[in-house]
Amino acid sequence: MTDLPTTRWWWVRHAPAFCIGGAIYGSSDVECDTSDDLSFRGLAARLPEDALWVTSHLTRTRETAAAIFDGGAASTTPLIEEGLGEQCFGEWQGQTHDDLARENTPAYHKFWLAPARHVPPGGESFTDVMVRVDAVIKRLTEAHAGRDIVAVAHGGSIRAALALALGVDANADAGLCFTVDNLSITQIDHVPGPGAGGNWRIVSVNQSPV
């Protein structure tokens, strides 16, 4: 029997975003702080060579990828996948959680009772994020089977990838339990074929770049 190829996904959360007063930025296209040269050199050293690189469409992921290349990773032109973008929080973007708590709207209250499935006004739910992230993962895993794929993305999209690897669709809130720090590495391998636990193996979560 021929061994089927393992596809290794290396997820990197973007560098800290510039936002005013702790405001929720979600899918807003804000820039990020790429001044942490030590972390970018660490990422360049730890991420695999000859990988396929992919980012979301948002500036902060593209800036982060460029800073990793400047830190010593072999430069390439990443694919841009809008499906890997951060969750859209709609009307809440630009406000702080303190602002929303003071307003105490029913929508904000419901969000904390069932955050994965509740849709912020004018936005999308975490389960919506899971659907679009799943589509990108499946397509790229099939098209580039056996390769290393470096995905520079967002806290929400990385948590969605973890939730999908765990198969927690019926309890999507579990996917929000993971800590995903800026510039951390999360590795998830796709191992096709029969085996306990399905086709996905979570190798590491929220690993420091240095």
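When residues in region 74-112 are screened for being surrounded by fewer than 13 Cβ atoms within 10 Å (Cβ to Cβ) and not small (G, A, S), 9 of them pass.
Annotation note: Cβ proximity below 8 Å between a residue of region 146-163 that is free of Cβ contacts under 8 Å to residues at least 40 places away in the same chain and closer than 18 Å to F89 by Cβ and a residue that is part of a helix (DSSP H, G or I) and of a type in the set (V, I, T) (sequence gap 6+ or interchain) occurs for A160/V129; A160/V133. The criterion of being over 27 Å from A67 (Cα atoms), basic (K, R) and modelled with pLDDT of 95 or more holds for K138. The residues of region 4-62 that are more than 18 Å from A151 (Cβ to Cβ), among the small types (G, A, S) and either in contact with a helix residue (DSSP H, G or I) (Cβ under 8 Å, 6 or more places away or on another chain) or in contact (Cβ under 8 Å) with a residue 60 or more places away in the chain (or both), listed by number, are G21, G22, A23, G26, S28. A count restricted to region 167-184 and to residues that are in contact with a Gly (Cβ under 9 Å, 6 or more places away or on another chain) and either basic (K, R) or surrounded by 18 or more Cβ atoms within 10 Å (Cβ to Cβ) (or both) stands at 3. Based on this model, can you work out whether V119 counts as surrounded by 17 or more Cβ atoms within 10 Å (Cβ to Cβ), in contact with a His (Cβ under 8 Å, 6 or more places away or on another chain) and either farther than 16 Å from N199 by Cα or without any contact (Cβ under 8 Å) to a residue 24 or more places away in the chain (or both)? Considered against the rule, which asks whether it is surrounded by 17 or more Cβ atoms within 10 Å (Cβ to Cβ), in contact with a His (Cβ under 8 Å, 6 or more places away or on another chain) and either farther than 16 Å from N199 by Cα or without any contact (Cβ under 8 Å) to a residue 24 or more places away in the chain (or both), V119 comes out as no.
Here V210 meets the list (1) assigned to a loop (DSSP other than H, G, I, E, B); (2) closer than 16 Å to I24 by Cα almost entirely, failing just condition (2). Scan region 1-16 for residues that are surrounded by fewer than 20 Cβ atoms within 10 Å (Cβ to Cβ) and within 18 Å of R62 (Cα to Cα) and the total you get is 1. Any residue in region 110-127 that is among the aromatic types (F, W, Y), modelled with pLDDT of 90 or more and not in a helix (DSSP H, G or I)? No, region 110-127 has no match at all. Of the residues making up region 102-130, just one is over 23 Å from the mean Cα position of the chain (by Cα) and among the aromatic types (F, W, Y), namely Y108.
So in region 50-76, with the set limited to residues that are assigned to a loop (DSSP other than H, G, I, E, B) and either among the aromatic types (F, W, Y) or over 13 Å from the mean Cα position of the chain (by Cα) (or both), which one is nearest to V136 (Cα to Cα)? Among those residues, the one meeting the criterion is A51.
Consider region 144-158 and keep the residues that are in contact with a strand residue (DSSP E or B) (Cβ under 9 Å, 6 or more places away or on another chain) and under 19 Å from D128 (Cβ atoms). The one that is surrounded by the most Cβ atoms within 10 Å (Cβ to Cβ) is A151.
The values are calculated or read from the model by the stated rules, or taken from the named source; none is laboratory data. What you are looking at is a predicted structure, and each value in this text was computed from that prediction instead of being measured. Using ideal geometry, Cβ is built from the backbone for each residue, glycine included, and neighbour counts are taken over all protein chains shown.
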